[in-house]
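The values are calculated or read from the model by the stated rules, or taken from the named source; none is laboratory data. Computed from a predicted model, the values in this text were never measured in an experiment. Neighbour counts run over all protein chains shown; Cβ positions are idealised from the backbone, glycine included.
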Amino acid sequence: MKKTPIELNVNGQTRTVLVEPRELLIHTLREQLELTGPHVGCETSHCGACTVEIDGRSVKSCTLFAVQAAGAEITTVEGLASPDALHVLQTSFREHHGLQCGYCTPGMITRAHRLLQENPNPTEEDVRFGLAGNLCRCTGYQNIVKSVLAAAEELNTQKEAAQA
């Protein structure tokens with residue numbers, strides 16, 4: 001099958017890749033760009049392990065062809081951290097035990113990042129609703145919710161300190 005060159009802006013870097021028209025974005029990210037944070041889970045959009053941000057929206061990358069993402073701004077869990085430090089959400093998940101096996105964690109963190117962009121002061125109910133499309137088979141969600149709420153508090157504290 002003929003491959004098509006496309007440009008993707010992934011985690012702040014423009015990358016050109018050759019993709020088949022039927023190639024899913026999750027496979028392009030993992031296999032060609034070697035970004036193994038987003039995981040292949042169900043490949044039906046039910047689990048959310050493959051969640052990435054595309055142009056400021058949470059998207060399950062197993063439901064999108066790579067060619068559909070041409071020219072888009074894509075952020076994976078790897079793109080949330082700076083070269084010097086983990087993102088507040090990543091640290092919070094570690095500190096508040098928001099993960100067990102870790103398989104769902106990149107998708108959870110990426111979705112939580114977008115959730116906190118949309119609602120910087122979420123309630124527990126907001127977090128549960130906002131993460132409803134991401135499944136975890138290990139934790140029971142309580143520590144995931146606690147992690148997101150703690151990250152929201154820390155981000156708000158940082159924002160207030162920066163404004164002072």
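Scanning the range 9-24 for residues that are buried (at least 19 other Cβ atoms within 10 Å of the Cβ) and among the acidic types (Asp, Glu) returns a single hit, GLU23. Residue pairs whose Cβ atoms lie under 6 Å apart, separated by 6 or more positions or on different chains, with the first residue in the range 105-129 and free of Cβ contacts under 8 Å to residues at least 24 places away in the same chain and the second assigned to a helix (DSSP H, G or I) and among the acidic types (Asp, Glu), are ASN119/ASP126.
Look at the range 149-164: where a residue is acidic (Asp, Glu) and a partner is surrounded by 10 or more Cβ atoms within 10 Å (Cβ to Cβ), sitting 6+ places away or on another chain with Cβ atoms under 6 Å, you get GLU154/VAL88.
For the range 3-27, enumerate the residues that are of a type outside the set (Asp, Glu) and free of Cβ contacts under 8 Å to residues at least 40 places away in the same chain. Quick ask: steps written out before the conclusion?
Just the residues of the range 3-27 that are of a type outside the set (Asp, Glu), to begin with: 3-6, 8-19, 21-22, 24-27.
Within the range 3-27, LYS3, PRO5, GLN13, THR14, ARG15, THR16, LEU18, ILE26, HIS27 meet the criteria.
SER45 falls short on exactly one of the conditions (1) touching a Lys or Arg at 6+ places or on another chain (Cβ under 8 Å); (2) among the small types (Gly, Ala, Ser); (3) at pLDDT 95 or above, and that condition is (3). How about the range 151-164: which of its residues are more than 18 Å from the chain's Cα centre (by Cα) and closer than 19 Å to HIS96 by Cα? Hits for the range 151-164 are GLU153, GLU154, ASN156, THR157, GLN158. Return the total of residues in the range 86-113 being under 20 Å from LYS60 (Cα atoms) and either crowded, with 24+ Cβ neighbours inside 10 Å or at pLDDT 95 or above (or both). The number of residues fulfilling the criteria is 12.
Of everything in the range 25-50 that is on the phi > 0 side of the Ramachandran plot and either among the polar types (S, T, N, Q) or more than 13 Å from the chain's Cα centre (by Cα) (or both), the residue that is surrounded by the fewest Cβ atoms within 10 Å (Cβ to Cβ) is GLU34. Among the listed residues VAL59, VAL67, which satisfies the condition of being touching a residue at least 60 places away in the same chain (Cβ under 8 Å), of a type in the set (A, V, I, L, M) and surrounded by 14 or more Cβ atoms within 10 Å (Cβ to Cβ)? Step by step, each of VAL59, VAL67 is checked, and only VAL67 is touching a residue at least 60 places away in the same chain (Cβ under 8 Å), of a type in the set (A, V, I, L, M) and surrounded by 14 or more Cβ atoms within 10 Å (Cβ to Cβ). Applying the set (1) on the phi > 0 side of the Ramachandran plot; (2) in contact with a strand residue (DSSP E or B) (Cβ under 9 Å, 6 or more places away or on another chain); (3) of a type outside the set (Phe, Trp, Tyr) to HIS97 leaves exactly one unmet item: (2).
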